[in-house]
Every structure is written in structure tokens, then in C-alpha cells.
Amino acid sequence: MSAAQIGSPDVARRGSETWRRLLADRWAAIGAVVVVLLVLFAVLAPVLAGIEGQDAYTYHLDALADSGAPLGSGGGMSGRHWFGVEPRTGRDLFAIVAFGARTSLLIGVGATAVAVLLGVAVGVTAGYFGGWYDRLISRGVDVLFGFPSLIFMIAVGAIVPARFPRSSLILLVIGFFGWPPVARVVRGQTLVLRRRTFVVASEAMGAGSVHVLVRQLLPNLGATVIVYATMLVPGMIGAEAALSFLGVGVPPPTPSWGRTIGSAIDWVSTDVMFLLFPGLALFAATLSFNLLGDGLRDALDPRLRGLR
Amino acid sequence: MRTARFVAGRVLATVLVLLIVSALTYLVFYLLPSDPAQLSCGRPCTPASLATARAFMGYDEPVWRQYLAFLGGIFAGRSYGSGVAAIHCAAPCFGYSFQLNAPVTQLILGRIPVTFSIAIGAAVLWLLLGVSAGVGSAVKRGTLLDRAAMAVAVGGVSAPAYLVGLLAILLFGFTLNMVPVNGYVALTENPVQWAWHLVLPWCVLAVISAAVYARLTRAQMLDVLGEDYIRTARAKGLREWRVVGRHGLRNVLIPVVTLFGLDLGQLLGGAVITERVFSMQGLGALLIDAVHNLDLPLVVGITLFSAFLIILANAAVDLLYGAIDPRAAA
């Protein structure tokens, strides 16, 4: 048996048990179903908008009254415009919400990937090497944890030249401020793992630190990382929506739930549907990822049930 | 003596963190290719007038000199330019907005009352709400009350503040006509109107953040209620409210204070979003306008000011933590 295989049966056994517990958790299962539906909604956005016969960019001024409010009840809901139209421009709200799901999920998942990559790299090395490097990282994580990151995310918009694509910038910035919790958890796990026999054995057999980090520690961190990644996604989606809501996120005309909610401020008393559709979509997305993340964590470590 | 060393160590660490954070922020903001002098150079912008503008703003110096000048300005104030045209920026100087012709500190101080009014009121409300809901849930564990409170808590964690805020405006402002939906009245002007205009923002921000505290308090309280000293307290015949209130709550508050310290940065962010929902002109509005106008000194000033504020507040929470839990200061 090679050194790399010693840890693996452990992981496999824990995996199947995790699945069983996850499926038994009603709320987590509901969360998972909604997440899958959302992903389908986002992937099929062009198809769905095609069935409706609309897109997210064309102005339909004929669907508006002189005041700029949509004609008809429910924000202009009809067979032609399923969710009604946007006030003042008459763009189709269903298409905006559907394509907005793409923006939200892409930036949410992309930023999570950035945060997880950074967090794992920093956390596993800090836990494994220890010493002054670990103390420096831990202190940095402490500082970043309490940081007014939203202020920084808003501010960055002013200094990055306009030719840098905004959406990628938002993704990177949100992801950058998301790594500290991952690093903290991964560091803690690494501290436990590095004392386990399979790591000690591998070191005794002469494995270098790269081998131990990549082949011994990382595979055993997989489950933890997946759980924390899931739990990060709603925060990332929320951050993108908040920035767009404030007018410093994804630039128009790219559809974004947050920006549409921001525009809905002026119409809340006359056209509530304009707020409700993107709002409910955003709420469903964050809630479902939160339920799934909580369920995954409980399934992985039942002792944590009920903690935050 | 021990306490003195704990305090001294914390203060020293805080100063170090302030220096590192400000240096990194300054570096990031000045290495990226944007030139504030270019923006205020005017038209036609000759190389000579650009150079003059740069020298006047202090951007002709190497970045480390600029940073030191910035730090010096915070403690001792600084002047831009020389002679009759010189502009003085009194300490604590967080830079000078050449677009608005005003020191950044003065601009920030003008907006702070709005943001702080939202943030502090909401924080008080959410701590009260969160801790009492958590304790209630833990004591009545498994009952309908517990399950309802925890369901609301999961929903609250997922609901964006601005969405809840807008729905609250619609319901309580437009439909029921109970409370004002926007605007800010200064506390010094009319305290009743001040609170009246802030009721809705406070509740919105508090309900959402209270959720996390309710979950934490509940979990912690359940843990603590299983401890031996709680059994002892019950065994010696103390009344239940006293057991929970005195022996339980004290130990629950430690993680709650820790979490609160970590959430201060989020609180500021939440206040910025709430300002926008309720059309109040606070720090967030100032920053967003500065970003749109590319008023770089103002952006940097606000960013560093908020970072300083949060780091100092965190240090204060750390010291408070030492007071609640003597073990931490040991």
C-alpha cells in the first residue's frame, strides 16, 4: 500500500454516510432541489425567454403608460410579458430575472471559487508549516474578519480603469474578501490532520512537504471545503446583489437582480411586482444555498447541529 | 499588572494593524493607473499645468513619501501647495477633496451622524432581539415557539436588508401610513422626529442581523444549560429564571460579544445599504458619489477612515471581552 492510499477508505466511508444523513434532512433536501431548479433556470434562460418570445434588452414603450408605469395590473403581467415589464423602459421582466440568475450564479460561484482557492492555499500551509508564518496569517485573518469589506468593494470601483471588465472585477473583489473564513477552518482541520498516523507515516517514509500537502492533506480536506464553499455562495450572491443595488456592481444593461431591486425603489408604491420578482428570486437563491449548506455541515458532523 | 500588560499588548497590536492596513490600502489605491491630477487639471490640459496640479496635490512625490505625508496629516494636519494659494487641512486630516474643495474629514463628519444613528440604534435593537429570542428558544426547546423563532432566523439570515426594507416601506409607509419612509432629521434638531424617521431603518437592519445572534445564543445556551454548575444551581433550589438569567446568560454573552466585534464591519456596510433604501445622505451616499465622480482623495479618505474606525472599535471590544471573561486577559 502506498502512502497516498492510507487515508482514503476513511473518506469513502464518511462520504456515503454523509449522503444518507443529507437526504434524511428535509430542509436540506428542499434547499438542494431549489438550487438545482435555479441552476436549470439560469442555464435555460435563453430557451425560456425564447418560449416567451422576449429578451432582456428590447424596449417596449407601447407597454407603458405616459407616467412610465407599466400598463395593466400586476406591473403589466400578460401572456406576452409573464412577469410584466420594467417601468420607464418596458423591458421584459421575466427575461431580466432569468438572465439575472445567470449573473448572480456565475458571480456567486466564481467568487466562491476564488475565495476557496485562496482560503485553502493559505489555510493548509499555515496549519502545516506553523511558526511565524502561521501567526502572521492568523492575525491577518482576524483583521480581515471584522473588516468593513463592503466599503472597500465600493471604493475599488473608483480606481480600476473602465476598460477592465466590471463583472470580472466584482467577482475577483468579492472573492478576495471571502477567503478568511475558509482559511480559518482549513487551518484548524490541517492542525488535526497533520498529527494523524497516515501523515506522520508518510513523513517518516521521507515524503516532502509538497507531497504531504497535496497528496495527504488536501484529499482529506475535500468534504470540509465543499461544505464551506456551499455556505459561502449565498454571501457572495448577496454581495454582488448589494453592490449592484448600490449602483457600483454589474453595469447596465447586463441583467442583475440587485440592480433591478435598486431601480424598484422609485416604483415601490406604484409597481410592487417590479420589486417582488427579482427580490423573491434573490431570496430563494440565498435561502436555498443556506439550507443546503447547513444540511451538508450537519450531515458531515452531526455534533455541530444547531450551531451557526 | 497582568491587566495592564494585556491592555498594553492589545494597544500595540492595534497600532501595528492600523499601520499595515493603511499602508496596504494606500499602496493599492496609488499603484492602480488612475491620475487624480489629470481629472482636476482642467482644459486644455498642458503638460505644464498637469505637473503643477500634481505638485500641488503632492502626487509628484514617491508613493512612500505620499503615504508618510498622509499619516502626518492625520496627526498634525498638512498643507497643499504653498504661498497664497495654499490650502490647509487641519488634523486629523484624511486628505483633501479637490473636487468639492473641502477637507475629507469635514465631509465625513458632516455625514457621520446619519450613518451612526442608523448603525448604533440597529445594533442595540438586534442584540436585545437576538439574545432574548435565542434564550427563549433554548429554554422552550422543541416547542412551537422554538421552531418558529428558528425558522424566522434562517429566513432572516437569507433575506437581503434592502429587500426587507423596501417591503417594510411599502407596508408601513405607503399602505398603513404609519411611519415616514425617507429623510433624516438631526437629533439636535428634534429628537422625537429623529427617532421617528429611524424606526423603520432600525427594525429592518435589526431583524436581519438578530437572526444570527438568535441562533448563536440558542446553541450556546443549550450547551451551557447542560453544564454541571447549572445542575448545582438548580439543585440548591434557585428559581429557573435566576439559573438561566444569572448563571446561564453570563457565559452565553462571551461568544455573543466576540461575534458582535466581528460584525461591526458588516454593521457599517448594512448601514450604508439602509441609507440608500431610505434615501438618507450618510457616509455611504458620500462614498458612492465620490466613486461615480472619481474623487480619489475622498474615496481613499473614507475607506481608510472606516477601516480605522472598525479596527479601533474591534480593539475596544477586545478589551471589553477581557472585562467580561477574566480568563481572556490572563
Other-chain or far-sequence residues with amide H under 5 Å of B:ALA102's (modelled H): B:SER97
Vicinal HN-Hα couplings computed from phi for region A:213-225 (Karplus, 6.51 cos²θ - 1.76 cosθ + 1.60; Hz; Gly/Pro x): 4, 7, 8, 9, 7, 4, x, 7, 8, x, 4, 4, 5
A:LEU71 long-range amide H proximity, modeled H, under 5 Å: A:LEU64, A:ALA65
With Cα atoms, 0 to 90° folded angle of helix A:26-43 axis to chain A main axis: 60
Interchain or long-range residues, amide H under 5 Å from B:LYS140's placed H: none
Peptides A:165-176, B:225-236, A:32-43 ordered by average Cβ neighbours within 10 Å, highest first: A:165-176, A:32-43, B:225-236
Helix B:249-277 vs. chain B, principal-axis angle (Cα, 0 to 90°, nearest 10): 40
Rounded if a/c under 1.5, otherwise prolate or oblate - region A:151-308, Cα gyration tensor axes: oblate
0 to 90° range, to nearest 10: angle between helix A:273-300 axis and chain A longest Cα axis: 10
Cα gyration tensor, region B:222-306 - rounded (a/c under 1.5), prolate or oblate: prolate
HN-Hα J in Hz across region A:167-173 - Karplus 6.51, -1.76, 1.60, θ = phi - 60°, x for Gly and Pro: 4, 5, 4, 4, 4, 5, 5
Over region B:219-330, relative contact order from alpha-carbon pairs under 8 Å, at least 6 apart, %: 23
Dipole axis of region B:110-236 (+1 Lys, Arg; -1 Asp, Glu on Cβ), positive-most option in B:ALA219, B:VAL154, B:LEU125: B:ALA219
Label zone at B:VAL63, where the point sits 7 Å out along the Cα-to-Cβ direction: region B:1-32 residues whose backbone N lies under 12 Å: B:23-32
Part-to-part distance (alpha-carbon centres) for region A:186-223 and region B:236-264, which is given in Å: 39
Distance (nanometres) between label positions extended 7 Å along Cα→Cβ at A:ARG20 and B:LEU16: 5.0
Formal net charge of residues neighbouring A:HIS60 (Cβ-Cβ distance under 14 Å; K, R +1; D, E -1): -2
Relative contact order for region A:175-308, counting Cα pairs under 8 Å that sit 6 or more residues apart, in percent: 20
Region A:155-277 - accessible surface per residue (Å², probe 1.4 Å): 39
Candidate residues A:ASP25, B:ASP295, A:ASP142: accessible-area rank, largest first, probe 1.4 Å: A:ASP142, A:ASP25, B:ASP295
Solvent-accessible surface (1.4 angstrom probe) belonging to A:ASP298, in square angstrom, nearest 10: 10
Cα centroid separation - region A:130-165 against region B:47-102, whole Å: 26
Peptide B:256-267 - average C-beta neighbours from other chains (10 Å radius): 2
Size of the B/A contact, given as accessible area buried on both chains, probe 1.4 Å, in Å²: 4000
Helix-only [θ]222 nm of chain A, DSSP H runs n ≥ 4, -39500 (n - 2.57) each, per residue, nearest 500: -22000 deg cm²/dmol
Chain B - percent of accessible surface contributed by carbon and sulfur, probe 1.4 Å: 65
For chain A: relative contact order, % (alpha-carbon pairs under 8 angstrom, 6 or more apart): 27
Cα shape, the protein assembly as shown, gyration tensor, a/c 1.5 rule: rounded
Region A:251-276 versus region B:158-219: alpha-carbon centroid distance in Å: 20
Probe 1.4 Å, accessible area per residue of chain B, Å²: 49
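The values are calculated or read from the model by the stated rules, or taken from the named source; none is laboratory data. Since we're looking at a predicted model, the values are computed, not measured. Positions of Cβ are backbone-derived with ideal geometry, glycine not excepted, and every protein chain shown enters the neighbour counts. For accessibility, only protein heavy atoms count, side chains too; no ligands or nucleic acids. Shrake-Rupley method; radii C 1.70, N 1.55, O 1.52, S 1.80 Å.
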